[in-house]
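First comes the structure, then the notes that go with it.
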Amino acid sequence: MSGDPQLVYSLEIKVLDLEAKVASLEKTLDRLAREVSASDPANVPADVLDLIEQGEHPVRAVRQYRLLTQKELGERSGIRANHISAIERGMPYGLKTAKRLSDALDVPVGLLT
């Protein structure tokens, strides 16, 4: 039994279109979930969350949004500026450090981990 090739092609195009729409909706839902999890949506704008999703280090993205230098963040958090620099370059850090940074940056600790 063989089907009409034009009908099969038409249905395949519709399926691909629906898959693209689903992928777009999933991306939007992910972004909205991040905004909600950032406790106060006005606290961390979607642009900053998008930067983080694109690979920017969360500490750097929020610090720059808050217009803080590494030295100023260090003074607020009690963490040396050179340590903050290393963290922003990808050095692993613990929950205690994340908590100090999140308090200094006024964001939920989950955003930085």
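The values are calculated or read from the model by the stated rules, or taken from the named source; none is laboratory data. Not measured: the values here are computed from a predicted model. Cβ coordinates were reconstructed from backbone atoms using ideal geometry, including for glycine residues, and neighbour counts include every protein chain displayed.
What to note about this one:
- Verdict on residue 93 being of a type outside the set (S, T, N, Q) and exposed (fewer than 13 other Cβ atoms within 10 Å of the Cβ): no
- Residue 76 under 20 Å from the mean Cα position of the chain (by Cα) and under 20 Å from residue 43 (Cβ atoms): no
- Selection status of residue 60, of a type in the set (D, E, K, R) and at pLDDT 90 or above: yes
- Taken as a whole, the structure leaves residue 44 outside the set of residues that are part of a helix (DSSP H, G or I) and among the β-branched types (Val, Ile, Thr).
- Neighbours by Cβ (under 8 Å, 6+ apart or cross-chain): first from the range 1-14, modelled with pLDDT under 85; second among the aromatic types (Phe, Trp, Tyr): none
- Filtering the range 79-113 to residues that are over 20 Å from residue 43 (Cα atoms) and either in contact with a strand residue (DSSP E or B) (Cβ under 8 Å, 6 or more places away or on another chain) or not in a helix (DSSP H, G or I) (or both) leaves 79, 80, 89, 90, 91, 92, 93, 94.
- Each residue in the range 56-83 was checked for being under 16 Å from residue 111 (Cα atoms) and either assigned by TED's automatic domain parsing to the domain that holds residue 28 or among the β-branched types (Val, Ile, Thr) (or both), and 2 of them qualify.
- Note on the range 36-55: residues that are closer than 14 Å to residue 110 by Cβ and either crowded, with 18+ Cβ neighbours inside 10 Å or modelled with pLDDT of 85 or more (or both) amount to 4.
- Hey, residue 76 surrounded by 12 or more Cβ atoms within 10 Å (Cβ to Cβ), at pLDDT 85 or above and touching a Ser or Thr at 6+ places or on another chain (Cβ under 9 Å) or not: no
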